[in-house]
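Have a look at the structure below, then the notes.
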Amino acid sequence: QDNLQGYKTQNKFLNKEILELSALRRNAEAREREWQAKYTSLEAKLCQIESKYLILLQEMKTPVCSEDQSPAREVITQLLEDALKAEPSEQPEQAFFKPHLVSEYDIYGFQTVPEDDDEEKLVAKSRALDLRSLSLSENREISTGVKWENYLASTMNREMMRCVELKNLIRSGIPHEHRSKMWKWCVSLHIKKFKDSAVPGYFQTLLQKALEKPNPASKQIELDLLRTLPNNKHYSSPTSEGIQKLRNVLLAFSWRNPDIGYCQGLNRLVAIALLYLEQEDAFWCLVTIVEVFMPRDYYTKTLLGSQVDQRVFKDLLSEKLPRLHAHFEQYKVDYTLITFNWFLVVFVDSVVSDILFKIWDSFLYEGPKVIFRFALALFKYKEEEILKLQDSMSIFKYLRYFTRTILDARKLTAIAFGDLNPFPLRQIRNRRAYHLEKVRLELTELEAIREDFLRERETCVEKRDLISDDEEDS
Amino acid sequence: MQKHNQKEHLYKLLVIGDLGVGKTSIIKRYVHQNFSPHYRATIGVDFALKVLNWDAETVVRLQLWDIAGQERFGNMTRVYYREAMGAFIVFDVTRPATFEAVTKWKEDLDSKLILPNGKPVPAVLLANKCDQGIDVLMNNGIKMDQFCKENGFVGWFETSAKENININEASRCLVKHIIASESDPVQSVEPDIIKPHLNSSKIVSCSACFKS
């Protein structure tokens with residue numbers, strides 16, 4: 001009895017102890033979380049300040065008026081050098097899981113601060129810091145991650161199907177760790193018809209053929225390999241793993257589609273695909289983009305489809321962003337010179353990588369309408385800034401790089417898929433049909449002018465030959 | 001500030017030629033004074049700005065248009081060429097095929113663009129990558145002079161973007177000819193063909209003549 005009583009008190013005591021300890025632990029945990037949050041927000045703030053500091057330095061580096069060598073200038077130069085040198089030390093293992101953007105490469109293998117351009121360097125570094133601060137101060141990413149886990153768990157035992165839920169999930173961005181699987185699934189979704197009719201080993205056969213005998217495309221492909229994504233570590237040197245795969249996919253495609261052969265720009269599409277897909281899947285991804293998504297003649301010798309789409313885009317811009325349209329008209333800025341590239345290579349090299357891959361997620365699932373959406377969204381995002389510019393030169397200069405200054409993927413996506421609605425595909429189809437005829441006519445006219453010119457020149461040369469002696473005499 | 005009586009010219013210059021001959025490298029060297037062996041291949045078109053203090057009273061702003069080298073982008077060139085005042089046509093001395101393409105590029109240029117006075121735009125030929133050892137084409141300058149004369153180039157230069165050879169010189173040559181062609185009194189009969197766009201058209205009219 002005594003023993004029992006003893007055990008009872010002991011038990012009571014221990015229970016109390018446990019309760020107290022867990023209360024203490026909870027407390028400590030709460031405090032730690034609090035500290036962590038504080039630390040994160042401080043780090044974000046630090047990034048912002050550092051970024052602003054860089055911009056300030058940049059401004060001061062090229063003062064408007066002073067040509068004299070004032071001591072202040074030396075100080076600024078020194079500060080600038082220091083700012084570019086000091087890389088916050090990051091743990092490399094961590095960089096793989098979380099985009100720690102101030103480390104040398106991002107998770108996709110792109111340099112965070114490009115090496116080739118001194119002036120760009122500062123801007124890029126400040127951009128990297130801004131991005132970091134953005135990703136630090138917003139933890140909503142996690143909830144997207146959870147949604148994805150839930151969705152994928154629910155589809156574990158059945159085939160994934162197209163549905164609104166999935167579409168919205170993809171629009172919010174596929175997490176890095178699921179992207180390979182999802183891209184592969186998207187490609188197979190669109191390419192099923194083509195792939196089923198292909199003989200087994202189709203890709204290997206094409207590749208074999210391509211490696212055995214060169215075609216006109218192979219030389220151009222070779223010239224472009226190292227000029228594809230030189231700022232990405234997977235494509236930066238002749239021995240990089242990506243280069244060989246890139247060559248193989250492009251060569252195989254040039255044999256599949258001799259009408260196109262090789263068009264500059266395809267290299268970038270493939271290079272991006274290869275970051276998440278195996279060689280053969282990347283090949284089918286290219287086929288999807290070129291032969292399923294894009295209208296005919298997008299990449300062929302005339303680039304007819306591409307030219308048409310730029311006119312369609314102009315129509316859409318004038319409808320959705322009339323003020324901007326009027327502004328461009330006023331200063332005679334042909335922005336399609338810039339946007340042409342966005343469409344041809346689906347924004348590769350035009351936007352920061354986080355945004356690029358999010359665009360590609362939706363693009364591979366939904367198709368080319370996504371390009372129109374984001375092209376308009378980019379303009380809308382910076383509409384006020386563009387409207388402030390008052391001459392064509394500064395507008396062009398701004399258009400050349402402004403897309404890379406946009407960092408908030410969430411905001412951009414909200415514009416692309418929200419503010420710009422309604423966005424009927426039928427409208428795009430109609431405009432395409434309308435402009436196709438016009439561009440075709442123009443191309444024919446142009447060819448006629450060219451022939452006239454050549455004929456005229458021929459006769460001129462003949463005449464000149466006849467009178468050349470006289471000319472020299474006089 | 002104190003240079004209020006300076007004249008300013010704005011010229012759009014085209015840089016054209018086959019794929020991989022070094023157009024982008026030449027521009028980067030000229031504008032940013034640096035070089036990298038692997039600039040990304042240009043698709044469509046890219047731009048760069050260079051300001052030249054031409055002489056004590058003249059500032060020349062050059063807008064350089066870096067145009068993709070692959071032939072199929074040539075279908076877009078009419079848009080790119082609009083209002084250009086001069087052109088560099090570039091080839092790679094280590095690849096004879098790129099030299100053979102020079103006449104094709106020149107024809108393309110002349111068929112799509114004429115100055116208001118009815119003449120073709122001044123064009124300078126650049127034999128790039130001249131740092132890369134012996135070259136078959138360049139061994140005798142007389143032949144090149146002949147080629148330029150026959151094909152209507154105002155001059156030619158052996159250049160190297162890598163070693164920074166002759167790029168400034170080539171540009172000065174082209175600008176000199178543009179300024180001269182601007183003061184050419186012969187006017188076109190049809191006023192509505194593509195007109196070069198000038199920032200300060202009131203004062204430029206005879207700058208070269210008066211200089212002597």
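The values are calculated or read from the model by the stated rules, or taken from the named source; none is laboratory data. Because the structure is predicted, anything quoted here is derived from the model rather than measured. Cβ sites come from the backbone with ideal geometry, for glycine too, and all protein chains shown count toward neighbours. Just the protein is used for accessible areas: all its heavy atoms, side chains included, with ligands, DNA and RNA removed. Shrake-Rupley method; radii C 1.70, N 1.55, O 1.52, S 1.80 Å.
Out of B:Asp135, B:Asp131, B:Asp92, B:Asp108, report the one residue that is over 17 Å from the mean Cα position of the chain (by Cα) and either modelled with pLDDT of 85 or more or small (Gly, Ala, Ser) (or both).
Criteria check complete, one pass: B:Asp131.
What number of residues in the range A:328-384 are of a type in the set (Lys, Arg), crowded, with 20+ Cβ neighbours inside 10 Å and at positive phi?
Result for the range A:328-384: 0.
What do you reckon, is A:Ser133 touching a residue at least 60 places away in the same chain (Cβ under 8 Å), over 30 Å from A:Ile243 (Cβ atoms) and open to solvent by less than 30 Å² (accessible area, probe 1.4 Å)?
Yes, satisfied.
Can you find even one residue in the range A:339-354 that is more than 14 Å from chain B (Cβ to nearest Cβ), at pLDDT below 95 and not in a loop (DSSP other than H, G, I, E, B)? Write out each step before concluding.
Within the range A:339-354, the subset more than 14 Å from chain B (Cβ to nearest Cβ) is A:351-354.
Narrowing the set further to residues that are at pLDDT below 95 leaves A:351-354.
Pick out the ones that are also not in a loop (DSSP other than H, G, I, E, B) and you get A:353-354.
Scanning the range A:339-354 turns up at least one residue that is more than 14 Å from chain B (Cβ to nearest Cβ), at pLDDT below 95 and not in a loop (DSSP other than H, G, I, E, B).
So how many residues does the range A:322-334 have that are within 12 Å of chain B (Cβ to nearest Cβ) and either under 15 Å from A:Leu376 (Cβ atoms) or free of Cβ contacts under 8 Å to residues at least 60 places away in the same chain (or both)?
1
Considering only the range B:19-29, state which residues are out of contact with any Asp or Glu (no Cβ under 6 Å at 6 or more places or on another chain) and within 10 Å of chain A (Cβ to nearest Cβ). Before the answer, list the steps.
If we filter the range B:19-29 for residues that are out of contact with any Asp or Glu (no Cβ under 6 Å at 6 or more places or on another chain), which is where we start, we get B:19-20, B:22, B:25-26, B:28-29.
The answer is B:Leu19, B:Gly20, B:Lys28.
Among the residues of the range A:376-402, which ones are within 14 Å of chain B (Cβ to nearest Cβ) and in a helix (DSSP H, G or I)?
Those that are within 14 Å of chain B (Cβ to nearest Cβ) and in a helix (DSSP H, G or I): A:Ser392, A:Met393, A:Ser394, A:Ile395, A:Phe396, A:Lys397, A:Tyr398, A:Leu399, A:Arg400, A:Tyr401, A:Phe402.
Scan the range A:218-235 and give yes if some residue there is open to solvent by 60 Å² or more (accessible area, probe 1.4 Å), over 26 Å from B:Pro96 (Cβ atoms) and of a type in the set (A, V, I, L, M, F, W, C), otherwise no.
no
Take A:Leu387 and decide whether it is at pLDDT 95 or above and open to solvent by less than 30 Å² (accessible area, probe 1.4 Å).
When the stated conditions are applied, A:Leu387 does not pass them.
Mind listing just one residue for me: the one in the range A:225-278 that is under 19 Å from the mean Cα position of the chain (by Cα) and of a type in the set (Val, Ile, Thr) and, of those, modelled with the lowest pLDDT?
Within the range A:225-278, the match that is modelled with the lowest pLDDT is A:Thr228.
In the list A:Ile395, A:Ile371, A:Ile359, A:Ile355, which residue meets the criterion of being β-branched (Val, Ile, Thr) and without any contact (Cβ under 8 Å) to a residue 24 or more places away in the chain? Quick ask: steps written out before the conclusion?
Numbers: A:Ile395 fails: without any contact (Cβ under 8 Å) to a residue 24 or more places away in the chain; A:Ile371 fails: without any contact (Cβ under 8 Å) to a residue 24 or more places away in the chain; A:Ile355 fails: without any contact (Cβ under 8 Å) to a residue 24 or more places away in the chain.
On inspection, the qualifying residue turns out to be A:Ile359.
Would you please name the residue that is farthest from the other protein chains (Cβ to nearest Cβ), looking only at residues in the range B:70-84 that are open to solvent by less than 10 Å² (accessible area, probe 1.4 Å) and in a loop (DSSP other than H, G, I, E, B)?
Our first condition is that a residue be open to solvent by less than 10 Å² (accessible area, probe 1.4 Å); within the range B:70-84, this holds for B:70, B:73, B:77, B:80-81, B:84.
Checking the rest, the ones that are also in a loop (DSSP other than H, G, I, E, B) come to B:70, B:84.
On the way: B:Gln70: 5, B:Ala84: 13 Å.
Result: B:Ala84.
Can you name the residue in the range B:30-68 that is closer than 12 Å to B:Leu10 by Cα and within 9 Å of chain A (Cβ to nearest Cβ) and is also nearest to the chain's Cα centre (by Cα) among such residues?
Result: B:Gln63.
In the set A:His176, A:His190, which member is under 28 Å from B:Arg40 (Cα atoms), open to solvent by 30 Å² or more (accessible area, probe 1.4 Å) and either more than 14 Å from chain B (Cβ to nearest Cβ) or of a type in the set (A, V, I, L, M, F, W, C) (or both)?
Every option except A:His176 fails the conditions.
What pairs come out if I take residues in the range A:29-42 that are among the β-branched types (Val, Ile, Thr) and pair them with residues that are assigned to a helix (DSSP H, G or I) whose C-beta lies under 7 Å away, six or more apart or interchain?
Sorted first by the residue in the range A:29-42, then by its partner, the pairs are A:Thr40/A:Leu136.
For the range B:28-44, which residues satisfy the criterion of being open to solvent by 10 Å² or more (accessible area, probe 1.4 Å) and of a type outside the set (S, T, N, Q)?
Of everything in the range B:28-44, those that are open to solvent by 10 Å² or more (accessible area, probe 1.4 Å) and of a type outside the set (S, T, N, Q) turn out to be B:Lys28, B:Arg29, B:Tyr30, B:Val31, B:His32, B:Phe35, B:Pro37, B:His38, B:Tyr39, B:Arg40.
Where residues in the range A:419-463 are in a helix (DSSP H, G or I) and under 14 Å from A:Lys369 (Cα atoms), which of them is least open to solvent (accessible area, probe 1.4 Å)?
That would be A:Ile428.
Right, A:Gln10: surrounded by 10 or more Cβ atoms within 10 Å (Cβ to Cβ) and either under 30 Å from A:Asp130 (Cβ atoms) or at pLDDT below 90 (or both) or not?
Numbers: surrounded by 10 or more Cβ atoms within 10 Å (Cβ to Cβ): yes; either under 30 Å from A:Asp130 (Cβ atoms) or at pLDDT below 90 (or both): no.
Spelling it out, it is not the case that A:Gln10 is surrounded by 10 or more Cβ atoms within 10 Å (Cβ to Cβ) and either under 30 Å from A:Asp130 (Cβ atoms) or at pLDDT below 90 (or both).
Go through (1) more than 12 Å from chain B (Cβ to nearest Cβ); (2) within 24 Å of A:Pro230 (Cα to Cα); (3) open to solvent by 10 Å² or more (accessible area, probe 1.4 Å) and name the single condition A:Ala273 misses.
(3)
State which residue is nearest to the chain's Cα centre (by Cα) when the search covers only the range A:403-418 and only residues that are small (Gly, Ala, Ser) and crowded, with 18+ Cβ neighbours inside 10 Å.
If we filter the range A:403-418 for residues that are small (Gly, Ala, Ser), which is where we start, we get A:409, A:414, A:416, A:418.
Next, only the ones that are crowded, with 18+ Cβ neighbours inside 10 Å stay: A:409, A:416.
Values: A:Ala409: 11, A:Ala416: 15 Å.
Ranking the candidates gives A:Ala409 first.
Just checking, which of B:Val31, B:Val93 is farther than 26 Å from A:Leu443 by Cβ, of a type in the set (A, V, I, L, M) and out of contact with any helix residue (DSSP H, G or I) (no Cβ under 7 Å at 6 or more places or on another chain)? I'd like the intermediate steps shown before the answer.
Working: B:Val93 fails: out of contact with any helix residue (DSSP H, G or I) (no Cβ under 7 Å at 6 or more places or on another chain).
Sole residue among the options that is farther than 26 Å from A:Leu443 by Cβ, of a type in the set (A, V, I, L, M) and out of contact with any helix residue (DSSP H, G or I) (no Cβ under 7 Å at 6 or more places or on another chain): B:Val31.
Under 6 Å between Cβ atoms, which residue pairs at least 6 apart in sequence (or on different chains) link something in the range A:249-278 that is under 22 Å from A:Ile359 (Cα atoms) with a partner that is open to solvent by less than 10 Å² (accessible area, probe 1.4 Å) and of a type in the set (Asp, Glu)?
A:Asn267/A:Asp224
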